[in-house]
Structures are given as structure tokens and as C-alpha cells.
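Participant: Can you keep this structure in mind? I'll have questions shortly.
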Amino acid sequence: MNLGAKLKKIREQNRYSQKEIADILNISQKTYSNIESGKSQINLETLAILSKLFDFDAIKLLEENEIFLNYKTFNHNKKEKYNYRLIYNSLLKRNENLIEELTEVNSIIKNVLDSLNT
């Protein structure tokens, strides 16, 4: 599985659309689609943001795909601005979803324990 396919899998596991990720990264949905399909390469800053958003080790992912960093990977002339409010809100949404899931699991466990005690 190539890097783009892995990013797609991670995105889908976390229930985000390409459009939502593109908005967070302040790029077009088409650009993000090209990253996932392997038509475009991802830059390190974008990968770092995705690794924080989805809680994965970006370096490990690069190594798994035998992508080695060199001076061409860094683009100092291009100024990209990310929508940090969207990043924050997305992380908050992710945490709220995790809390909801944990609350449901806790309720199920409590019900099972209560049934065992009766």
C-alpha cells in the first residue's frame, strides 16, 4: 500500500471526507485527492498536520513507504497558511467522538456488571 492509500485509509477510519481534510489544510479537494491517489506528493508540513490530527507517526509512515527526506522535500519559498481554527475544531470533534464512544462502552460495561450482580 502506497503513502496516499495509507492516508486515505487513515482518513476513512477517522470518518473524514476529502473535502473536510482539504479545508483543514487550506487546499482544494482535488489537490488532496491527488495526494491520496499518488498523483501529487505531500509536503512535510501537510504530513505533520495530518499526523497530529490523526495521531500517527509520520516518520514511520514515510519509512514504511521507503520515502527518504532530502533537501527537495522542503519548500521554503512557498508560504502555506493552514486554517488552525479548523484544525482545532477537527481535533475537538475527534475528541468529542472518542468521549461519546467511551461513554457508550462504559454504559454497556456497567449494564453487564449490574446484570451479573443481580
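The values are calculated or read from the model by the stated rules, or taken from the named source; none is laboratory data. Here the structure is a predicted model, which is why all the values come from computation and not from measurement. Every residue, glycine as well, gets a Cβ built from its backbone with ideal geometry; the counts of neighbours run over all protein chains shown.
Participant: Have a look at Ile42, Ile21 and point out the one that is aliphatic (A, V, I, L, M), in contact (Cβ under 8 Å) with a residue 12 or more places away in the chain, crowded, with 17+ Cβ neighbours inside 10 Å and assigned to a helix (DSSP H, G or I).
Facilitator: On inspection, the qualifying residue turns out to be Ile21.
Participant: Filtering segment 1-18 down to residues that are closer than 19 Å to Arg94 by Cβ and of a type in the set (S, T, N, Q), which residue is surrounded by the most Cβ atoms within 10 Å (Cβ to Cβ)?
Facilitator: Among those that are closer than 19 Å to Arg94 by Cβ and of a type in the set (S, T, N, Q), it is Gln18.
Participant: Which numbered condition trips up Ser107, out of (1) part of a helix (DSSP H, G or I); (2) over 25 Å from Met1 (Cβ atoms); (3) at pLDDT below 85?
Facilitator: Every listed condition holds for Ser107 apart from (3).
Participant: Would you pick out the residues in segment 1-18 that are hydrophobic (A, V, I, L, M, F, W, C) and in contact (Cβ under 8 Å) with a residue 40 or more places away in the chain?
Facilitator: Leu3, Leu7, Ile10
Participant: Another one. Name the single residue, out of those in segment 91-111 being within 25 Å of Glu20 (Cβ to Cβ) and among the hydrophobic types (A, V, I, L, M, F, W, C), that is surrounded by the most Cβ atoms within 10 Å (Cβ to Cβ).
Facilitator: Leu91
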